[in-house]
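Step one of this worksheet: look at the structure below.
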Amino acid sequence: MNSCDVLVVGAGPAGSAAAQMLAHAGFDVVLCDQHDFPRDKVCGDALIPDAHRALAQLGVQGEVLARARSARHVGCVAPRGGRIEVPARLAVLPRRELDDIVRRAALAAGCRWLAPARFEAPLLDAGRRVAGARLRLAGGGLQELRARWTVLATGAAAPALIAAGVCMRRAPSSFALRGYVRNEAMAERITGLEVVWHRALRRGYGWIFPCGDGVFNVGVGITRLDEGAFNLRALFAEFTRLHAPACELVRGGSLLGALKGAPLRCSLEGARWSRPGLLVAGEAAGSTYSFTGEGIGKALETGMLAARALIEGGESGRRDDAAAVGARYEAALGALKPRFAAYAEANRINEHPWLADLVIWRARRSVDIVGRLAGVLEETQNPGKLVSPRGLARLFLPLG
Ligand SMILES: Cc1cc2nc3c(=O)[nH]c(=O)nc-3n(C[C@H](O)[C@H](O)[C@H](O)COP(=O)(O)OP(=O)(O)OC[C@H]3O[C@@H](n4cnc5c(N)ncnc54)[C@H](O)[C@@H]3O)c2cc1C
């Protein structure tokens, strides 16, 4: 394996989505990852509507839903205990399984697989255009793999971005931590996803997501890092002490494996989206929504956008028009930017949990407000507007 049309680095949702589309379009694609698969990925494992849509486009939604635990609502719990159930198409599937399904679909489309293979540095041609990558293989050997294009889909960790010369900010946007808890006695009691705001979790929130078979993904996240130190393990302990269902779940259940934390990169910030010969996709490009921390759907979408930019660039005899491909991809990500900005604005709820008290208190009395919250999950409503001064004032209009 010395050369290919497109080298995709990272077999998370973004990389595998890009690889599948490119292979279907007839490109010779190599998909590589630093880990052999299936592998674990620290995540809440929740699939919200955008992920459902993207998985359907990739032809794997049926297989995913057959393995996942489906749910019909998110229970939103405010600091003072108010609770509403927001309806949505939801599912939970541990990433070890989800990512392997999406990766196998890429291989079935014809792309080649190389793992473990860690991206160490880009290969550069005489004009300093990226022309492939130097990969560290298992056992320590190095391989130079030449490619007309490289898609960097290495997730939230900064080293690959730095090595590729596209990192604009080393620090991630946020951090989250999760553990799997088995508690069969609670399996019939927590059937939806549960998101909890609490003063003790200020700057973030806690969650309980049922994976099926009495196993729950339980976690906490911090969505703003600029206000000083934090300790996610201590926050997890607080969450599972203060929120009664989480407390019961953990006390009566058993932790499967260790609690694990990981960074997130959000709001399409922190990295250049392209340089000649290279496109940056998924969380490497900051494709996770701040406020919700949801990123699987957007990683899949940006992977497909990267593939589309290359496919359109390749139609005319695969001319290597690097500038046009890069511009097409950047325009596609740029078009998503206002939506990311709206989710960044909605982050105000995590910073000021009393806003969750207010919104949930009003929503308990208004199907219209519950509908608007469902629209935030479906992406038909602007979450920033909901918590803008005007949006908050609207909450006090006569109830509909
Ligand atoms: C605790 C936590 C909870 C979350 N909960 C949710 C949730 O419930 N729902 C949701 O939608 N999102 C959630 N997210 C966000 C979600 O995990 C990410 O948005 C998503 O994984 C991004 O996908 P990706 O393909 O861009 O990157 P990843 O899924 O991170 O995949 C990147 C891949 O690149 C590989 N890689 C990295 N560096 C190299 C290298 N140098 N060489 C070769 N390969 C490399 C990695 O091994 C990995 O396989 C959560 C995140 C965290 C941390």
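The values are calculated or read from the model by the stated rules, or taken from the named source; none is laboratory data. Since the model is a prediction, treat every value here as computed from it, not as a measurement. Cβ atoms come from the backbone with ideal geometry, glycine included; neighbour counts cover every protein chain shown. These area figures cover heavy atoms from the full protein model, side chains too; ligands, DNA and RNA do not enter into them. Shrake-Rupley method; radii C 1.70, N 1.55, O 1.52, S 1.80 Å.
Candidates are the residues of segment 109-124 that are open to solvent by 40 Å² or more (accessible area, probe 1.4 Å) and over 20 Å from ALA284 (Cα atoms); the one that is nearest to the ligand (Cβ to nearest atom) is TRP113. Counting just the residues of segment 271-289 that are of a type outside the set (A, V, I, L, M, F, W, C) and open to solvent by 10 Å² or more (accessible area, probe 1.4 Å), which one comes out nearest to the ligand (Cβ to nearest atom)? For segment 271-289, the residue satisfying everything is GLU283. Hey, any hits in segment 78-85 for a residue that's part of a loop (DSSP other than H, G, I, E, B), outside the structural domain of LEU152 (by TED's automatic domain parsing), within 21 Å of PRO13 (Cα to Cα) and open to solvent by less than 30 Å² (accessible area, probe 1.4 Å)? No, because not a single residue in segment 78-85 is part of a loop (DSSP other than H, G, I, E, B), outside the structural domain of LEU152 (by TED's automatic domain parsing), within 21 Å of PRO13 (Cα to Cα) and open to solvent by less than 30 Å² (accessible area, probe 1.4 Å). Number of residues in segment 228-243 that are open to solvent by 60 Å² or more (accessible area, probe 1.4 Å) and over 15 Å from TYR205 (Cα atoms): the value is 1. If I filter segment 244-270 down to residues being crowded, with 17+ Cβ neighbours inside 10 Å and touching a Lys or Arg at 6+ places or on another chain (Cβ under 6 Å), which single residue comes out as nearest to ARG182 (Cα to Cα)? Top of the filtered list is GLY253.
The sole residue among GLY127, GLY44 that is within 16 Å of the ligand (Cβ to nearest atom) and part of a loop (DSSP other than H, G, I, E, B) is GLY44. Does GLY139 satisfy being more than 10 Å from the ligand (Cβ to nearest atom), modelled with pLDDT of 95 or more and not polar (S, T, N, Q)? Answer is no for this residue. Can you find a residue that is free of Cβ contacts under 8 Å to residues at least 60 places away in the same chain and open to solvent by 10 Å² or more (accessible area, probe 1.4 Å) anywhere in segment 3-24? Looking through segment 3-24, none of the residues is free of Cβ contacts under 8 Å to residues at least 60 places away in the same chain and open to solvent by 10 Å² or more (accessible area, probe 1.4 Å). Criterion applied to GLU345, GLU330, GLU294 was being within 15 Å of the ligand (Cβ to nearest atom), open to solvent by 20 Å² or more (accessible area, probe 1.4 Å) and not in a strand (DSSP E or B), and the one residue passing it is GLU294.
I'd like to know if segment 89-105 contains one or more residues that are assigned to a strand (DSSP E or B), open to solvent by 20 Å² or more (accessible area, probe 1.4 Å), more than 10 Å from the ligand (Cβ to nearest atom) and in contact (Cβ under 8 Å) with a residue 24 or more places away in the chain. Yes, that holds for at least one residue. The residue of segment 172-216 that is farthest from the chain's Cα centre (by Cα), among those that are without any contact (Cβ under 8 Å) to a residue 60 or more places away in the chain and within 14 Å of the ligand (Cβ to nearest atom), is PHE216.
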